[in-house]
Amino acid sequence: MKLQNQSGMGSYLVMLQKAIGFVALYCSFFFSLAIHSAETKPLKVLMVMGGCCHDYTNQVKILSEGLRARVNLEIVAVVEGSDREHRVSIYENKNWADGYDAVIHNECFGMVKDNSFIENIAAPHGKGLPGVMLHCSTHSYRAASTDAWRQCLGVSSFSHEARRDMTVTNIAKAHPIMKDFPVTWFNPQDELYKVEKLWPTATPLAEAYGIETKKTHTCVWINEYGKGKLFVTTMGHQNSTMEQPVYLDLVARGLLWACGKLDEDGRAKTGYGNDR
C-alpha cells in the first residue's frame, strides 16, 4: 500500500513537471512575440509639404496625426514655400533622403523648371526609396522639360477640372491597398486631375468621371519607378477630404504597401499597424 502511494505520487509529480514545462514554454513563446513586437522599429518617414493653393499648416497636422494612429511610424516634416517657384531647401542636397524609410510628398511647386534639381528629387525613389504622392505633388515640376518626376509619379498631368463633388470608383478590389476601400466613395468638393498619360509602370486602382472632359480619370494608382514603389492619389485638395477616415485609411495602406509592410489581406504586418 505504501509503495502504491509512492508510485502514485511519483506519477503525479511527473505530470506536474510536464505541465509546468509546457506552461513555461507557452509563456516564453508569447513573451518572445511581445518583445519582438515591442522592438519593431517605427518607420522613419519624411513628409515634404509646401507651395501654393493649399492649407499645408493644417494638412501637416491632419496627416501626421491620422497616420500615426494607423501606422507605427515617426514623421519628420519639412514645410516651406508659398509659391509655385520655391525650391525646397533639403532637395539641394544630393543625399536628401538618406536615413528615411519612406517619403510622403504633399507639395505644389509646378513652376520649378531646373531639370537637374528635379532629377535629384526623383533619384532616391528610382534607387528604391518608397514614396507616397498626394494631390498637387502630381502637378509639381510639370513645367520642366525632364520626364523624371512624371516617370516617378507614373502619370503625366498638367491641369485639373473645377472643384466639385466626385464619386470615386474602386477598380482594383482585390489589391491589398483597395480591399477595405468602398466600391464607390463620395468625395465632396475635390479636384479631379486630368491624366494625359498613364505610364506603363503604373497600375490604376480607382477612378472618377470628369464632367468637363466627359471621361474617367485615374485618381488612385501605384507605380514602380526603378527599384522604388510609389503610391499616388490626386485626391486631397480640401482638408475635409484628408480628414475623412476612408482617405486616411487609404493613404496608410498605400504607405505600408510601398514599404513592403502590407499583407495580401490589406492588413499591416506585425508591429507596423495600430494594433502593435
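Rule-based calculations on the coordinates, nothing more; no lab input. Owing to the predicted nature of the structure, the values given are computational and were not obtained by experimental measurement. Here Cβ is always computed from backbone atoms with ideal geometry, including for glycine, and neighbour counts include all displayed protein chains.
Summary table
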item: C-alpha long axis of helix 2-38 to longest principal axis of the chain, angle in °; result: 10 degrees
item: Equivalent ellipsoid semi-axes, the chain, via Cα gyration tensor eigenvalues times 5, rooted, Å; result: 48, 21, 16
item: Per-residue Cβ neighbour rank within 10 angstrom, fewest leading, 159, 140; result: 159, 140
item: The range 100-239 shape via C-alpha gyration tensor axes, a/c threshold 1.5; result: oblate
item: Convex hull (Cα only) mean projected area of the range 176-244, reported in nm² to one decimal; result: 5.5 nm²
item: Crossing angle, helix 56-68 versus the chain [Cα axis fit, 0-90 degrees, rounded to tens]; result: 20 degrees
item: Helix 245-258 vs. the chain, principal-axis angle (Cα, 0 to 90°, nearest 10); result: 80 degrees
item: Leading residue at positive end of dipole, the chain (Cβ point charges), from 49, 122, 71; result: 71
item: Alpha-carbon centroids, the range 86-121 and the range 186-223: separation in whole Å; result: 24 Å
item: Gain on full stretching of the segment that runs from residue 68 to residue 162 - 0.36 nm per residue minus C-alpha separation; result: 30.7 nm
item: Pairs from 113/214; 173/197; 41/113; 179/227 whose Cα-Cα separation, in the structure shown, is over 27 Å; result: 113/214; 41/113
item: Residue (of 246, 174, 137) at the positive-pole extreme of the range 43-258, dipole from beta-carbon charges; result: 174
item: Estimated FRET transfer efficiency (residue 44, residue 214; beta-carbon r; R0 41 Å; 0.05); result: 0.40
item: For residue 155, residues with placed amide H under 5 Å, excluding near neighbours; result: 199
item: Share, in percent, of DSSP beta bridges within the range 43-258 that are antiparallel, nearest 5; result: 55 percent
